[in-house]
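Structure first, commentary second.
Derivation of every value follows stated rules applied to the coordinates shown; laboratory data play no part. Computed from a predicted structure; not experimentally measured. Every residue, glycine among them, receives a Cβ derived from its backbone with ideal geometry; neighbour counts consider all protein chains shown.
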């Protein structure tokens, strides 16, 4: 037939199985997210810490091999770290890697919160606003596919900034060290950071999905997210500060040297005045050091950090990576007990049991799942 | 009119004793109906259970009692499979947000399981068919009502369903748009072998597209059948409209033994037994009248509907 | 009720215009809403038609005093309608949008509208009861509007437009979303109001509904007046499209051969089925005049005759899609 029918054509092609339906939702979400140029900027910026991590690991590898390149940076190493560590790089390899990953994950946690702020609120609330749910559920798509698809969007973006850089940095660090025994020492770190990435995705992802499903306006959802992220952090800090200030005064009150004051003081000679000030300052520093060390012990029972959402995630990350043990090992380099205590008090994170944080996060996860279940109903009850 | 394509079931869908209650309200009350394939109109007053029945057919809601099948598949157990073969264009305005038209339709196809390349190719084909030309590259929020309805229709047929369910498709459209959508529906039903379930309150629309209707009321089936058969023809009754002076014409006719009833500007004339319309022409010629309208009296679809409702 | 003077817009005595637009234009920024519209709407039911963007909503908003015309004057019942709250007592509007106080019951809503319309408490109570009965919502009057279906909301909207007994009614898509039962009831109300001498302007996209309500129409396109008057008269004036008249006859071919001989027949098309043919002619009057004689001739008895483009849809299509 020379003239072809331009009307409706039938189609019988391949339809994929049920298991992959969520992928279509994820792809669409990613496409929509990437249209936002602020998101692209933040993604770009989030790779800077990743670069820093790669740089750190590679340089450590060079240091281990005593390559010429590393010697040029030796002065920086000396400045950053204690000489004992630089002298025996291989022994402290796992510790340095652990610490590097620890700082990296802390920074990427903040970036993740910003990414979720940019891409998360629209996920379900836009569908509610434009009434897209009948279109979704009149197709062979179950609710679970829909939720998994949306969660997949969060997984994609957070994976891009947390999981992928972790793996890439690990591989590059491996290549720069050219030492296969690294894997035995540090594989746990890779697993821990990937696990952390997954925990972050599922926890924060479910939370933002639940918030997004509660409102048609993505602006309110974004505000709620800022509330959970920043405001809860501020509240926790305030609570902690209030509490610790009270304890601080106990230590200051125990000082035997009083603050130089009064008419008698003014009448003294200059040298005498300076001597008294110095004594006072030393006593104060002493008190501050004692206070800090005591705080470390006190934080084992402190529930206040649980109020901050990001603090919970950090605590789990700290536990997974085992940075506390690292600091303890590093502190052993210093012969002086006091100096060791000060180091630990400065660098170690909060000491409350990790399962408290895990409990809080699990509770939030469960709550989010309930909210999602109730608010996104299938077409049974939709108008 | 049932199509006999190879392998296609002649029964479109079938419900057996289906009951569904929402708390105190009974939406479907022991409903049993068997419907042949073709273009089916679904009529019923508000609250009669039409929406519930559509949702039951799509397998979206669990029923309290009863069973049934759509296109040969049990809707209690094979819901996802049913939705692969059925396209649904819902009533209210619904959109996938912030995408262009062609992306919208392609996404709709991907959600059914099409591969993304297949979905894109098919989206363009289907958009050609519904008549959205260059507009398909614009964002869907900028579309007019008519375009949105056509887009919805396109997204419902992108996976080539065997049954297309349309819920008030001409809602809020201007006459041109309505005409186009009805033409598309007619074409799909009559020429392309797709079965249609057309739910609407606008009876002329239903009449323009469908051949068979089901009337629901209070969750029960009130009437079903072929439209032409339901509209009874009264053999000796005619509707007549003349140019002017219908009273004199009416008097003249009743003198000849006809029973006349005037309605608006039309006369309902019942001619005596044994006579034919010839006597009307004779009367017109004698009285120098122009008969401008002469048809056998047939009940309209509205009358069929109202009668079915009264019978409950 | 119509004893007020109409001022300088008085028309002929039997067709006193109730709504009068005189060279009214309205634009929104650069976008034209209405373009030099002069129209007089008499008593009775009038249909207001036009494609999307024709200016129907603009016309209704100008006529109810919600907008001020960029040019020209708008008078209702002889008074200018802008900034004239006392005139609103005699105007009723049933808008297209669906916006209610959802927590109110139907009865409360209509009662409040009645009171706002100027009725005293007892009068308002009576009027509310009567109007709810007329629209068929007495059974549901105690329920909150939140729980109403689309058809019920539409009926409550009509009720609030009618309750204060207005003289002029503007209805924008009054039958949208109603099922055929409610539609019949509302159409009866509209026709009754028209026959009582009130002026009812019904704007709708659903042409067959407007056709069954009234033969008087106003057709707008792109903000300008395209046609006004009775549908049949307008049809007769459309020269460009000849009338299509369908004849059903057993001996259709023989009938066709007879018709070809007539001068005013411009075209004959045999319709599928073999029993019907369609005639195109520009002088329907002459054609119909000769038809009875032809029907009585041998072998050409005409069983049915009707014109399939004598209706509103055809008129609309011919005029709008030039």
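Quick look at the numbers
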read-out	value
Share antiparallel - DSSP beta bridges, the protein assembly as shown, percent rounded to 5	70
Gaussian network model of chain A, Cα within-10 Å springs - most flexible of A:221, A:171, A:153	A:171
C-alpha long axis of helix B:116-130 to longest principal axis of chain B, angle in °	20
0 to 90° range, to nearest 10: angle between helix A:270-298 axis and chain A longest Cα axis	40
Inter-chain Cβ neighbour average for residues C:290-302, partner chain, 10 Å	4
Exercise: per-residue mean of other protein chain Cβ atoms within 10 Å, B:282-294	5
Distance in nm between pseudo-label sites at residue C:146 and residue C:318 (7 Å out along the Cβ direction from Cα)	5.3
Sequence-separation-based contact order of segment C:170-305, relative, with Cα cut under 8 Å and 6+ spacing, percent	19
Two-decimal Rg/Rh across segment B:232-310, once Rg and the Kirkwood Rh are taken from alpha-carbon atoms	1.01
P(r) tail fraction, the protein assembly as shown - alpha-carbon pairs more than 54 Å apart, %	38
Acute angle (nearest 10 degrees) that the helix C:150-162 long axis makes with the longest principal axis of chain C, alpha-carbon atoms	70
Antiparallel %, DSSP beta bridges [both residues in segment B:11-229], to 5	55
Between segment A:100-164 and segment B:202-222, the Cα center-to-center distance that results, in Å	44
Distance between segment C:136-201 and segment C:43-92 - C-alpha centres, whole angstrom	20
Percent antiparallel among DSSP beta bridges (both partners in chain C, rounded to 5)	70
Fewest-first sequence of A:234, A:199, C:218 by Cβ atoms within 10 Å of each Cβ	A:234, A:199, C:218
Selected from B:300, B:21, B:248 as most flexible by GNM, with chain B as the system and alpha-carbon contacts under 10 Å	B:248
Förster radius 56 Å - calculated FRET efficiency between residue A:270 and residue A:172, Cβ distance, rounded to 0.05	0.40
Relative contact order computed over chain C (Cα-Cα under 8 Å; 6+ residues apart), in percent	18
Candidates B:284, B:106, B:119: whichever shows maximal mean-square fluctuation once chain B is modelled as a Gaussian network with Cα springs under 10 Å	B:284
FRET efficiency for residue B:262 and residue A:160, using Cβ-Cβ distance with R0 set to 56 Å, rounded to 0.05	0.10
Per-residue mean of C-beta atoms belonging to partner chains within 10 Å, peptide B:170-179	6
Fewest-first ranking of A:206, C:187, using other Cβ atoms within 10 Å as the exposure measure	C:187, A:206
Relative contact order (percent, whole number), chain B, Cα cutoff 8 Å, 6+ residue spacing	19
R0 of 51 Å, Cβ-Cβ distance residue B:273-residue C:36: FRET efficiency to nearest 0.05	0.25
Mean ellipticity per residue at 222 nm, deg cm²/dmol - from DSSP H runs of n ≥ 4 across chain A, formula -39500 (n - 2.57)	-24000 deg cm²/dmol
Hydrodynamic radius (Kirkwood) for segment B:11-229, which is based on Cα pairs only, to one decimal in Å	17.7
MRE, 222 nm, helices only [DSSP H, n ≥ 4, -39500 (n - 2.57), over chain B, to nearest 500]	-10500 deg cm²/dmol
Centroid-to-centroid separation of segment C:246-299 and segment B:228-286 [C-alpha atoms, Å]	21
Residue order, fewest to most surrounding Cβ atoms within 10 angstrom, among C:205, C:22	C:22, C:205
Where the Cα pairs of chain C fall when distances are cut into 20 Å bins, in %	28, 47, 22, 3
MRE, 222 nm, helices only [DSSP H, n ≥ 4, -39500 (n - 2.57), over chain C, to nearest 500]	-10000 deg cm²/dmol
